[in-house]
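The values are calculated or read from the model by the stated rules, or taken from the named source; none is laboratory data. What you see is a predicted model, and the numbers here were worked out from it, not measured in a lab. Here Cβ is always computed from backbone atoms with ideal geometry, including for glycine, and neighbour counts include all displayed protein chains.
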Amino acid sequence: MNKILVDTMWLEAIFTWEGLPTTLADELDAFADALDNEKILGISSVVSLTELTKHLGKKNEQKMRTTIQELKSSGIIFVNVTQKIAERAGELHWKYGVPTADSLIAATGMVENTKHVLTGDLRHFGPIKNLIKIIDLKQALKMVR
């Protein structure tokens with residue numbers, strides 16, 4: 001089974017896709033189904049929970065709590081920050097200038113031997129694209145088995 005690191009922006013999109021174009025909403029739904037049916041393994045950092053709590057909480061606290069609960073009961077595996085992840089994140093920040101939160105997220109994928117990151121954040125993940133491959137939603141859906 002293919003394993004994908006899912007960045008915060010896509011976690012939010014999967015669970016709060018109201019108002020998105022129908023095609024994108026359908027693709028997000030297909031990806032969520034693939035995760036739930038274990039056709040693909042989605043992992044994320046607990047740092048993404050922090051980012052989502054902050055971002056969604058500013059908009060609507062109840063929606064944030066519902067979304068976080070749905071995420072925690074979904075097929076996505078949330079990985080705690082370990083010493084190894086923290087050290088790798090420090091290297092990514094130092095060598096490539098990746099901001100702390102994104103370096104922790106990227107390091108999670110690297111330490112967990114994930115080859116791909118589903119993200120649209122090319123500004124922060126671009127400098128490390130040779131260390132973990134950046135993919136979009138269409139590419140992620142092609143990896144579903």
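Here the condition is being under 25 Å from GLN139 (Cβ atoms) and of a type outside the set (Ser, Thr, Tyr); of LEU92, LEU56, it holds for LEU92 alone.
Taking segment 14-40 as the search range and keeping residues that are more than 15 Å from the chain's Cα centre (by Cα) and among the polar types (S, T, N, Q), which one is modelled with the lowest pLDDT? Taking the candidates together, the pick is THR22. Somewhere in segment 76-88, is a residue modelled with pLDDT under 95 and assigned to a loop (DSSP other than H, G, I, E, B)? Checked segment 76-88: at least one residue is modelled with pLDDT under 95 and assigned to a loop (DSSP other than H, G, I, E, B). Considering ASN130, ASN60, the condition of being among the polar types (S, T, N, Q) and either in contact with a Lys or Arg (Cβ under 6 Å, 6 or more places away or on another chain) or closer than 26 Å to ASP33 by Cα (or both) is satisfied by ASN60 alone.
Being in contact (Cβ under 8 Å) with a residue 12 or more places away in the chain and either touching a strand residue (DSSP E or B) at 6+ places or on another chain (Cβ under 7 Å) or among the basic types (Lys, Arg) (or both) holds for only one residue in ILE68, ILE85, ILE132, and it is ILE132. Checking each residue in segment 92-113 for being loosely packed, with under 15 Cβ neighbours inside 10 Å and either part of a helix (DSSP H, G or I) or of a type in the set (Lys, Arg) (or both) picks out TRP94, LYS95, THR100.
Need a quick list: helices (runs of 4 or more DSSP H) entirely within segment 1-63 having at least 1 residues that are free of Cβ contacts under 8 Å to residues at least 24 places away in the same chain and surrounded by fewer than 19 Cβ atoms within 10 Å (Cβ to Cβ).
Per the criteria, 22-36, 46-59.
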